[in-house]
Amino acid sequence: MTVHNFELHQEETVMFERPHVVVTNRRLLVVRGMAKTKTDAVVPLGEVGAPTKLNGGQQSRVGPGAKLFGVGAAIFIVQIFFEQISDVGDRVDLILFVTGFMALLVGGYFLIGSFLGAKPNTLMIFPMADGEEIVVRFPDWDNPEADELTRQFARAKRAI
């Protein structure tokens, strides 16, 4: 607990502890930075409601994006090659152009979205009595640590 700068009260025991969130039998302690809070949150369990679990972010689509982008570039190269060696009809030229452009466009969209988008995560949202929320983030979708946090929080809340 000294790593988090939290002091345990007498007869207070830790029920769940991770680097960014701690549940004791009396309080919910959240460290800022890892969680979406402005300051460290130290809240009595009586002032916090049951958490809501949400999955956010998206899986990386770098592989399919790179393949589509490569296929689009290859189609453009084939189109240029056909124009150089033979007189290709306007329809074939148009079909190659549209197909190549769409593959480049969708592949680029997948690549940019994968690099700029949020990674998969599980959010635990704790509503507070004053209308604010405490948000705790765990990596990956359906993180088992988030489920364990919910179980230990419910157990501590029942014991009050």
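All of the numbers you see were taken from the coordinates with simple rules; none came from a lab. Keep in mind that this is a model prediction, so the values were computed, not measured. No Cβ is skipped: glycine too gets one built from the backbone with ideal geometry, and neighbour counts run over all protein chains shown.
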Residue 83 fails exactly one of the following numbered conditions: (1) out of contact with any helix residue (DSSP H, G or I) (no Cβ under 8 Å at 6 or more places or on another chain); (2) free of Cβ contacts under 8 Å to residues at least 12 places away in the same chain. What is the number of that condition?
(1)
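Of all the residues that make up the stretch 116-132, how many are more than 13 Å from residue 27 (Cα to Cα) and within 18 Å of the chain's Cα centre (by Cα)?
So the count comes out to 10.
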Matching residues, the stretch 38-76, being without any contact (Cβ under 8 Å) to a residue 12 or more places away in the chain and closer than 30 Å to residue 153 by Cα
38, 39
Can you run down the residue pairs with Cβ atoms below 9 Å, 6 or more apart or on separate chains, where the first is in the stretch 116-144 and on the phi > 0 side of the Ramachandran plot and the partner is hydroxyl-bearing (Ser, Thr, Tyr)?
140/122; 142/122
